Amino acid sequence: MAKGWFNVLEKVDDYRWRLPTGYKTGMRVPGLIFADEPMLRSMAEDEAIEQVANVAFLPGIVGHSLAMPDIHWGYGFPIGGVAAMRLDDGVVSPGGVGFDINCGTRLLRTNLMEDEVRPVMKPLVDQLFRDVPSGLGAHGPLRVSNAELDEIMVRGAAWMVERGYGTEADLDATESRGAIPGASPATVSQRARQRGHEQLGTLGAGNHFLEVQAVEAVYDEAAARAFGLDLGVGQVVVFFHCGSRGFGHQVCQDYLDVMEKAARKYHISLPDKQLACAPIKSKEGKDYLAAMAAAANFAWANRQAIAHWTRQAVARVLGRSVEEIGLQQVYDVAHNIAKIEEHRVDARRTRLCVHRKGATRAFPAGHPEVPTKYRDVGQPVLVPGDMGRYSYLCVGTEQAMAETWGSTCHGAGRMQSRGAAKRALKGIDIAARLQAQGIVIRAQNRALLAEEASEAYKDVADVVEVLDRAGIARKVARMRPLGVIKG
Amino acid sequence: MMEQPPPFEVFDHTADVGIVARGDTLAEAFANAARGMFSLMVDLERVAEREERCIDVQADDPEGLVVHWLSELLFISEVDGLVFRRFDVDALSDTRLAARAFGEPLDIGRHNPQLMIKAVTRHQLQVGREDGGYRVRVIFDI
């Protein structure tokens, strides 16, 4: 094992590993990694664990520098990292959010069963591929003015809903009702706006996707029913993954420059320049949070538009109304975000800035931020896998609240680099292989599909098993793809 | 005689992709880095030089200059819908770069689109001398 991490890490139990502050001078809190032993071995192959230690240097960090079982090497922060900072003496770091601000996932349920949809899968996937712009050079069909873009930055998904792109019920089933407070268009650059204009209502590319899936296993019937997965095995759902597009990337890029200077100005000593940050209370910190909120809200508006077009496409191909098909939203959750939340620290309620970089919120039953209709069950947690296997629906827990600031993992985590996957799968037609599995796929470039093949990712079932056993999320259902759209 | 190293090479990084670009001069290495970046996005052989854009960027150091130079090209590419295949770096200091980029509007049918690059990162970014020439190493967020 690279670097002999097993000599450094203290085993807490089969799914928890503690990285003591003694590992590196300057760590303010210990690290806590959720993983089983084989997963830990694979994490140890890159610098992800070192990055867990580096995050522990950040001023104001509380509890642990946390790592979810899907962590891998990121920029400054590991992807799959969670860190909470005190508001009075803590910092905010754009690297703790990532370039794709409020990248997230959304799940819609239907009244349809697999056998009704299978005969129309090809036209359905074609329709979705036409109606949801994706891939390189994609432009959204929406044209908004500068003033409207300002409104979108502040109001997020609600802006779309008011214009007929969805319903009030969608907002109820969206994290933070699709907009976080504090967004200020004045803190967003002209360049970010320009990129936003072009890309509102687009899916993106890479690991972003839109899938038509069928439920293949239910682990918690009561929770599944509450979330609208009430028809059991074979029920059709739609699951998609995308973020704030060029708008958010530009906001991150702009503020990395600001933060590099701010870190020097405020004498924050960092083990890695990419942890560049500023005190939450400073002008730089406040400006970043305001711009990040604008980008997060843009992302929620973006996913709202995509959900609308998805509904229209399904209704059109099935020849039935959206209502008849019962295309209701299960949930929408962010997995690249920093949020001001109230948590219990040493038995006292304290407001913290929780960075989730490639980590999903997972609030338990009874929490006031869990939608009323799910209040007795807990917050739905969406964990996408890969396009050849399956994805999961889970639910937040008290344990997550107590240990991880109500957070859990966001996906499978990459196992093979793009190049390695391409080499390993050379000569294999991935689209044909998926078709043989009964999965219909459309992508801008079929040759690139190898990079997103199952072999490139950890088995999300293993990742979810760790969450479930460690208690930081509970399995509800598993869905397998029937149709896949890739950028 | 030693074989000339390629102007740029692509390397893997867990979830992302990087390039190492080389040149006899730093200006050439910067131009090759841009070429490398666009080679990840489209098939450069199929891109014609029908449009020209001028770029002028500043930064505190050569590393910052790499990020600003490539980010500016990404920005123009996204906003104007262009892809570039050739780059002339006309002026370069430690803190400023002036260049021209040549290409044409992105044509999905003709350019064989590849990866979409979200951003130019500072992760393990290197600018330096190597074997009498210059080398730039940069990782992109995909």
> Sorted by packing (mean other beta-carbon atoms within 10 Å per residue), highest first, where do A:155-167, A:72-84, A:197-209 land?
Replying inline: A:72-84, A:197-209, A:155-167
>> Could you work out the percent of alpha carbon pairs in region A:151-207 separated by over 12 Å, rounded to a whole number?
In response: 72 percent
>> Below 10 angstrom from the Cβ of A:E37, what's the summed charge of the other residues (Lys, Arg +1; Asp, Glu -1)?
In response: 0
> What's the extension gain from A:R18 to A:E216 if we count 0.36 nm per residue and subtract their Cα-Cα distance?
Replying inline: 67.7 nm
> Where does the charge balance sit around A:V154 when Lys and Arg score +1, Asp and Glu -1, over other residues with C-beta under 14 Å from its C-beta?
Replying inline: -1
> Can you list the residues of region A:443-478 with backbone N under 19 Å from a point 7 Å past the Cα of A:A432, pointing along Cα to Cβ?
Replying inline: A:443-455
>> Show me the GluC sites (Glu not before Pro) within region B:1-107 that DSSP assigns to loop and that have at most 12 other Cβ atoms within 10 Å of their Cβ.
In response: B:E3, B:E49
>> Counting other beta carbons within 10 Å of each residue's own, what order do A:M113, A:M27 fall into, fewest first?
In response: A:M113, A:M27
>> Between helix A:146-155 and chain A, what is the angle of the helix's C-alpha long axis to the longest principal axis, kept within 0 to 90° and rounded to the nearest 10?
In response: 70 degrees
> So what's the angle, to the nearest 10 degrees on a 0 to 90 scale, between helix A:460-470 and the longest Cα principal axis of chain A?
Replying inline: 50 degrees
> Once both axes come from the Cα atoms, what is the angle between helix A:283-318 and the longest principal axis of chain A, in degrees from 0 to 90, rounded to 10?
Replying inline: 20 degrees
>> How big is region A:353-487 along each principal axis, measuring the range of its Cα positions in Å and listing the largest first?
In response: 51, 26, 25
>> Considering only C-alpha atoms, what is the centroid distance from region A:454-487 to region A:257-335, in Å?
In response: 22 Å
> In cubic angstrom, how much convex hull volume per residue do the alpha carbon atoms of the protein assembly as shown span?
Replying inline: 149 Å³
> Could you give the dipole magnitude of region A:6-89 about its Cα centre, charging the beta-carbon of Lys and Arg +1 and that of Asp and Glu -1, in debye to the nearest 20?
Replying inline: 280 debye
>> Within 10 Å of each candidate Cβ there may be at most 10 other Cβ atoms; applying that plus a DSSP loop requirement, which trypsin sites (Lys or Arg not before Pro) in region A:186-264 survive?
In response: none
> With charges only on Cβ, +1 for K and R and -1 for D and E, what is the dipole size of region A:403-487 about its Cα centre, in debye, rounded to 20?
Replying inline: 300 debye
> Put +1 on the Cβ of every Lys and Arg and -1 on every Asp and Glu Cβ in region A:286-445; which of A:N336, A:A420, A:Q304 then has its Cα farthest towards the positive end of the dipole?
Replying inline: A:A420
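Count charges around B:R22 for me, please; just the other residues with Cβ under 9 Å from its Cβ, Lys/Arg as +1, Asp/Glu as -1.
Working: positive: B:R135; negative: B:E9, B:D24, B:E28, B:E130, B:D131.
Taking every Cβ under 9 Å from that of B:R22, the sum is -4.
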> Which part of region A:107-139 falls in the paramagnetic zone of B:D43, meaning amide N under 18 Å from the point 7 Å along Cα-to-beta-carbon?
Replying inline: A:136-137
> What's the exposure ranking of A:D332, A:D70, A:D230, A:D13, going from fewest to most Cβ atoms within 10 Å?
Replying inline: A:D13, A:D230, A:D332, A:D70
> Which of the listed residues, B:W69, B:A21, B:S93, is farthest toward the dipole's positive end in region B:1-94, when Lys, Arg count +1 and Asp, Glu count -1 at the beta-carbon?
Replying inline: B:A21
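All of the numbers you see were taken from the coordinates with simple rules; none came from a lab. The structure displayed is predicted, hence computed values, not measured ones. Note that we place each Cβ from the backbone using ideal geometry, even for glycine, and neighbour counts take in every protein chain shown.
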